[in-house]
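Contents: one structure, followed by commentary.
The values are calculated or read from the model by the stated rules, or taken from the named source; none is laboratory data. Keep in mind that what you see is a predicted model, and the values were worked out from it rather than measured. Because the Cβ atoms are built from the backbone with ideal geometry, glycine has one as well, and the counts that use them run over all protein chains shown.
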Amino acid sequence: MEEKLTLFSTSDIEKYINEYAIPWGINIAMAVAIYVIGRIVVGLILSVFRRLMAKSKYDNMLVDFLESIISAILMLFVIVASLDQLGVDTTSLVAILGAAGLAIGLSLQDSLKNFAAGIMLLVFKPFKAGDFVEAGGTAGSIVSIGIFTTTMNTPDNKEIIVPNGNIYGGNITNFSARDTRRVDMIVGIGYEADLLKAKRILEELIAEDDRILDEPAPRVAVSELASSSVNLVVRPWVNSAEFWNVKFDFTEKVKLRFDEEGIQIPFPQMDVHLHKADKE
């Protein structure tokens with residue numbers, strides 16, 4: 001019993017408290033303080049960031065994503081500082097995290113490419129939800145723009161999910177970017193048809209359609225003397241939302257009116273001349 005009592009003598013306990021308990025208690029308290037204060041500072045920084053981005057009117061998806069990235073990076077610094085206060089070798093920890101990040105980056109090259117492209121699409125906004133675009137090898141209306149992919153709906157109501165890298169790496173044609181569009185149509189008539197009469201009919205059909213704009217002025221002109229027809233170009237301007245309706249309706253009206261007026265729209269044809277050789 002005396003030996004056991006000497007193991008837990010008052011001097012040993014005081015020594016343990018002075019050399020271990022108090023320093024470790026202070027370090028733990030400091031680490032907790034660093035973590036708590038760090039979280040408060042991170043919250044203030046994110047609050048300022050949200051206010052600045054709200055004034056810039058960036059896409060909410062981009063703002064949320066950047067906010068999560070900034071929060072993760074700042075909290076990583078806070079955690080590293082807290083662990084360093086506890087005496088943990090943070091140099092090795094940072095090296096391990098760096099090596100892990102490099103390995104993950106190499107294994108996810110395509111995903112990182114799509115991620116970078118998604119950021120660029122959200123920042124520069126070549127299109128927005130609802131726009132009809134041709135990009136990434138397909139065409140359709142934009143449903144949503146994500147960090148890695150963009151969702152589109154085709155005119156026949158098929159949903160297509162396109163990697164952002166495919167979109168940003170090629171040409172993007174936005175048919176909804178402007179309020180007005182020009183409808184380009186070609187109408188062919190036979191060589192025996194009355195050219196001036198055909199032009200007059202086309203101009204009358206343009207004047208009758210209230211959806212066709214006065215400015216810029218529509219144009220009807222001869223574009224080509226083709227092998228089997230005289231081709232006229234018809235180029236009216238319309239509001240972008242009326243593009244297809246005007247194109248379809250006008251094409252139908254041209255056929256019906258030309259039939260009434262006896263103006264032939266010829267089929268492709270070829271004249272073949274046969275020569276009979278004289279017998280010797």
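Residue-wise test of (1) outside any helix (DSSP H, G or I); (2) modelled with pLDDT under 65; (3) among the aromatic types (Phe, Trp, Tyr).
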| residue | (1), (2), (3) |
| --- | --- |
| 5 | no, yes, no |
| 21 | no, no, no |
| 39 | no, no, no |
| 84 | no, no, no |
| 88 | yes, no, no |
| 95 | no, no, no |
| 106 | no, yes, no |
- Only one of these is modelled with pLDDT under 70 and among the hydroxyl-bearing types (Ser, Thr, Tyr): 11, 56, 71. Name it. 11
- Query: Any idea which of 209, 179, 184, 156 is surrounded by 15 or more Cβ atoms within 10 Å (Cβ to Cβ) and acidic (Asp, Glu)?
  - Reply: 209
- Query: Which condition breaks for residue 145 when tested against (1) within 30 Å of residue 256 (Cα to Cα); (2) modelled with pLDDT under 90; (3) aliphatic (A, V, I, L, M)?
  - Reply: (1)
- Item | Residue that is modelled with the highest pLDDT, among those in segment 59-68 that are in a helix (DSSP H, G or I) and surrounded by 14 or more Cβ atoms within 10 Å (Cβ to Cβ) | 67
- Query: Which of the residues belonging to segment 233-273 are in a strand (DSSP E or B) and under 33 Å from the mean Cα position of the chain (by Cα)?
  - Reply: 235, 237, 238, 239
- Message: of a type in the set (Val, Ile, Thr), out of contact with any helix residue (DSSP H, G or I) (no Cβ under 8 Å at 6 or more places or on another chain) and either more than 13 Å from residue 184 (Cα to Cα) or surrounded by 14 or more Cβ atoms within 10 Å (Cβ to Cβ) (or both): which single residue out of 246, 220, 234 fits that description?
- Response: 246
- Note on the structure: With criteria (1) modelled with pLDDT of 95 or more; (2) farther than 30 Å from residue 272 by Cα, residue 232 comes up short on (2)
- Item | Neighbours by Cβ (under 7 Å, 6+ apart or cross-chain): first from segment 241-270, assigned by TED's automatic domain parsing to the domain that holds residue 231 and under 17 Å from residue 180 (Cβ atoms); second outside any helix (DSSP H, G or I) and of a type in the set (A, V, I, L, M) | 243/183; 246/183; 246/212; 246/238; 247/183; 247/185; 250/185
- Query: Taking segment 153-212, which residues are assigned to a strand (DSSP E or B), within 30 Å of residue 257 (Cα to Cα) and free of Cβ contacts under 8 Å to residues at least 40 places away in the same chain?
  - Reply: 212
- Note on the structure: Expected output for segment 26-45 (first residue charged (D, E, K, R), partner surrounded by 13 or more Cβ atoms within 10 Å (Cβ to Cβ) and assigned to a helix (DSSP H, G or I), Cβ below 9 Å, 6+ apart or cross-chain) is 39/75; 39/78
